[in-house]
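One structure is given below, encoded as structure tokens.
The values are calculated or read from the model by the stated rules, or taken from the named source; none is laboratory data. What you see is a predicted model; the values in this text were computed from it and never measured. Positions of Cβ are backbone-derived with ideal geometry, glycine not excepted, and every protein chain shown enters the neighbour counts. Surface accessibility is based on the protein's heavy atoms, side chains included, excluding ligands, DNA and RNA. Shrake-Rupley method; radii C 1.70, N 1.55, O 1.52, S 1.80 Å.
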Amino acid sequence: GEPAVVPEPVSEPASGTVDAAGPEPAGAPEPGADLRTPPIAWRPPAHATTTLLLLRHGETRYSVERRFSGTGDPELTPRGLAQAEAAARRLAQERIDAIVSSPLRRARRTAEEVARRTGLEVVIEDGLRENDFGTWEGLTFAEIQARWPAELKEWLADPAVPPPGGESFAQAAERVRRTTERLLARHAGRTVLVVSHTTPIKMMLRFALAAPAESLYRMHLDLACLSRIDSPADGPAVVMSLNDTAHLR
């Protein structure tokens with residue numbers, strides 16, 4: 001999504017196994033220790049890792065005009081389609097086992113470009129849709145500030161406050177959390193491309209980092225950017241990359 005506000009214009013410590021005695025203490029190795037054997041916390045995970053590749057959709061006219069773009073359904077612009085194609089060319093070189101997408105057209109069309117190059121089917125996941133901005137949909141930040149100054153201030157200050165007629169960030173967070181848990185369980189040990197929007201992707205990154213809600217305001221996601229989360233079966237999720245746009249250069 002693309003709101004032009006402080007949540008975007010809408011618009012992993014290495015995990016390893018630990019034995020029953022707990023993690024090895026930090027500090028110098030004991031005399032006689034075999035230095036060729038890395039400490040437990042640095043070893044690769046002993047069990048399968050589930051990888052989520054998070055792709056934001058390409059450009060739409062709302063993102064060009066910096067308008068709030070939630071559950072509205074603008075198409076990709078020609079530039080947005082080119083961005084989707086560039087992402088697809090890069091992802092065709094990755095090992096991807098499944099593609100899931102938001103039901104909104106801008107995400108579906110982006111996902112379809114990857115599907116065309118990989119031969120995979122796009123599975124629609126409703127929980128990946130963008131936040132519902134209610135009556136603010138399609139408006140600019142300046143237009144909203146002029147008409148709803150008090151409501152906008154409350155919304156920016158409290159994730160539990162929804163836009164008029166819309167969905168709060170707290171409500172969206174629960175939806176995205178449930179969706180993430182479902183994807184991890186369904187695709188355990190596999191690599192999944194998740195094509196979505198600013199808010200759901202930021203929330204998935206926030207959950208992986210165990211970060212507070214305020215972290216949403218401290219991440220930037222460009223159009224058609226890639227981020228990656230690795231979730232080992234025996235340890236915490238790890239953010240491997242964020243806002244990678246190398247394929248767009």
(message) So with the 1.4 Å probe, I'd like the accessible area per residue for the stretch 85-144, rounded to whole Å².
(response) 43
(request) Equivalent ellipsoid semi-axes for the stretch 80-119, as square roots of 5 times the alpha carbon gyration tensor eigenvalues: give them largest first, rounded to whole Å. (result) 16, 13, 7
(request) May I ask for the net charge around ALA211, where only other residues with Cβ less than 11 Å from the Cβ of ALA211 are counted and Lys, Arg are +1 while Asp, Glu are -1? (result) +2
(request) Determine the shape class of the stretch 41-162: with a ≥ b ≥ c the square roots of the Cα gyration tensor eigenvalues, call it rounded for a/c under 1.5, and otherwise prolate if a/b is greater than b/c, oblate otherwise. (result) oblate
(message) Just to confirm a number: summing +1 for Lys and Arg and -1 for Asp and Glu over residues other than VAL114 whose beta-carbon lies under 10 angstrom from that of VAL114, what do you get?
(response) 0
(request) Between the alpha-carbon centers of the stretch 199-242 and the stretch 143-165, tell me the distance in whole angstrom. (result) 25
(message) On a 1.4 Å probe surface of the protein chains, which of LEU81, LEU76 comes out largest in accessible area, and what is the full order?
(response) LEU81, LEU76
(message) For a Förster distance of 22 Å, can you work out the FRET efficiency between the beta-carbons of ARG116 and VAL64, rounded to the nearest 0.05?
(response) 0.35
(request) Based on alpha-carbon positions alone, could you give the equivalent ellipsoid semi-axes of the stretch 155-249 from the gyration tensor, as √(5λ), descending, whole Å? (result) 23, 17, 12
(message) Can you report the principal axis dimensions of the stretch 91-249 using only the alpha carbons, biggest first, rounded to whole angstrom?
(response) 48, 34, 29
(request) Just add up the charged neighbours of ASP73: K/R +1, D/E -1, any other residue whose Cβ is under 11 Å from the Cβ of ASP73. (result) +2
(request) Report P(r) for the stretch 116-180: all Cα-Cα distances, bin width 10 Å, range 0 to the bin holding the largest distance, values in whole percent. (result) 20, 40, 23, 13, 5
(message) Leaving out ligands and nucleic acids, and using a 1.4 Å probe, what accessible area per residue does the stretch 191-249 come to in Å²?
(response) 38
